[in-house]
Amino acid sequence: MKILVTGAAGFIGMHLAKKLLERGDEVVGIDNLNDYYDVQLKRDRLAQIEHFDRFVFIKMDMADREAMAALFEEQQFNRVMNLAAQAGVRYSLENPHAYIDSNLVGFANILEGCRHNGVEHLVYASSSSVYGANTHMPFSVHHNVDHPVSLYAATKKASELMAHTYSHLYKLPTTGLRFFTVYGPWGRPDMSPSLFAGAILRGEPINVFNEGRMQRDFTCIDDIVEGVVRIIDQLAEADPAFDTAAPDPATSYAPYRIYNIGNNEPVELMQFIETIESALGKKAEKNLLGMQNGDVVATCADIDALDAAVGFRPTTPLDRGIKAFVDWYRAYHQL
């Protein structure tokens, strides 16, 4: 298959492209290589996959309507995996327009490209952030998600609504994947594993929000990629049992599906820090802070729908995943 992977220089994008290439797919990767974080890290990720004969990288901004239309018309993709987005809950408080341009305008261009060029299946990254003010654990794709607490989350929820519209109007199969706190080698420098590991190794204090009284459903990158590949291969279908009088947010009368991909085992933030300390062989000095705007206290993924659809549940233990991350972090930063 020929597959478009947007955000190919990103954390998940690089790992996914590598997995698809290793199994024999043809991959076209696009990324605008913006400077939200170190561009060199993005270039180094690309270096891990550029040697594949079946990989082509194009520097492109999804918000460029004409360029995106030309890309789809020229390449004629079988499947599309949209991972490109302006990421980060906290940064959305500082630069909201970046989220509108990438996560809404850019996604609209993806939808139009798929619509006009016979794409068989559009899979796109959503986020556990869409659960917002919901405190009913574990978070289920069958729950209402109409109360986001950050603009980032709102754009991800909007993407799900936009996708459903195209599934309804144009019978485009679309599947949204709500990722839960992904970590692992080549992870983003603004995420907690890199922030914690870097500070601990430098002997600097780490910032611990809500005084550590938080839980996250940390999910290893290997599990995320396995789940994504299985979903790409399984086209979204209409739900024959869909009831318009009591609509299920996770399915539709149109070819539209939503799934969580998480570890289904939330971890206390202090335990997560201890796991990093153990892998580093060094204790952290903690700077206990209050809760940040746009953040949530806990996340936990109900993954029964994913398991039922593709027979997959993440299995990587936290200590093993963190060791792999720490080994990469030390090697990459020569520490």
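The values are calculated or read from the model by the stated rules, or taken from the named source; none is laboratory data. Just so we're clear, the structure is a prediction, and the values are computed from it rather than from any experiment. All Cβ positions, glycine included, derive from the backbone under ideal geometry; neighbour counts span all protein chains shown. Each accessible area value is taken on the protein alone, full model and side chains, heavy atoms only, with ligands, DNA and RNA left out. Shrake-Rupley method; radii C 1.70, N 1.55, O 1.52, S 1.80 Å.
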Problem set entry | Where labels lie 7 Å past Cα in the beta-carbon direction, separation of Leu235 and Leu169 in nm | 2.1
Seminar exercise, completed: Residue-ordered couplings for segment 245-261, obtained by feeding phi - 60° into the Karplus form 6.51 cos²θ - 1.76 cosθ + 1.60 and rounding to whole Hz (Gly and Pro as x), are 7, 9, x, 8, x, 8, 9, 6, 6, 9, x, 9, 9, 10, 9, 7, 10
Problem set entry | With Cα atoms, 0 to 90° folded angle of helix 106-116 axis to the chain main axis | 30
Exercise. Of the peptides 46-54, 295-303, 177-185, 313-321, how do they stack up when ordered by the mean number of other Cβ atoms within 10 Å, highest first?
Worked result: 177-185, 295-303, 313-321, 46-54
For this session: Tally the DSSP beta bridges in the chain and give the antiparallel ones as a percent, rounded to 5.
Result: 5
Exercise. What is the spin-label model distance, in nm, from Asn287 to Ala199 if the labels are put 7 Å beyond Cα along the C-beta direction?
Worked result: 0.6
For this session: Just subtract the alpha-carbon distance of Val310 and Met1 from 0.36 nm times their residue separation and send over the number in nm, one decimal.
Result: 109.3 nm
For this session: Taking 7 Å along the Cα-to-C-beta vector as the label spot, tell me the His116-Asp295 distance in nanometres, rounded to one decimal.
Result: 4.3
For this session: With θ set to phi - 60°, apply the Karplus curve 6.51 cos²θ - 1.76 cosθ + 1.60 along segment 296-309 and write out the HN-Hα couplings as whole Hz, x wherever there is a Gly or Pro.
Result: 10, 6, 8, 9, 7, 9, 7, 10, 4, 5, 5, 4, 5, 6
Exercise. Taking amide H positions as placed 1.01 Å from N in the peptide plane, with prolines and chain starts having none, which residues 5 or more places from Phe139, or on another chain, fall under 5 Å of its amide H?
Worked result: Cys300, Ala301, Asp302
Seminar exercise, completed: Note, segment 228-237: 3J(HN,Hα) by Karplus (6.51, -1.76, 1.60, θ = phi - 60°), whole Hz, Gly/Pro = x, goes 4, 4, 4, 6, 4, 6, 10, 4, 5, 10
For this session: Can you spot the lysines whose alpha carbon is less than 30 Å from Lys42's alpha carbon? Ignore those fewer than 8 places along the same chain.
Result: Lys2, Lys18, Lys19, Lys59, Lys156, Lys157, Lys282, Lys283, Lys286, Lys323
For this session: Pull out the extension gain between His136 and Glu74, defined as 0.36 nm times the separation in residues minus the alpha carbon to alpha carbon distance; nm, one decimal.
Result: 17.7 nm
For this session: Please work out how much accessible surface Val225 shows to a 1.4 Å probe, ignoring ligands, DNA and RNA, in Å² rounded to 10.
Result: 10
For this session: Sort out for me the Cα centre separation of segment 243-276 from segment 304-335, rounded to whole Å.
Result: 17
Problem set entry | Residues of the chain: accessible area per residue with a 1.4 Å probe, Å² | 43
Problem set entry | 5 angstrom amide H check on Val149, placed H, neighbours 5+ away | Gly132, Ala133
Exercise. In the chain, carbon and sulfur make up what percent of the accessible area (probe 1.4 Å)?
Worked result: 49
Exercise. Amide H to amide H, which residues 5 or more places from Asp295 or on other chains are under 5 Å from it, using H placed in the peptide plane?
Worked result: none
Problem set entry | Highest-first arrangement of 255-262, 267-274, where packing means the average Cβ count within 10 Å | 255-262, 267-274
Problem set entry | segment 89-178: C-alpha gyration tensor shape, a/c 1.5 cut-off, then a/b vs b/c | oblate
Exercise. How high is the FRET efficiency from Glu66 to Asn95, r the C-beta distance, R0 22 Å, rounded to 0.05?
Worked result: 0.35
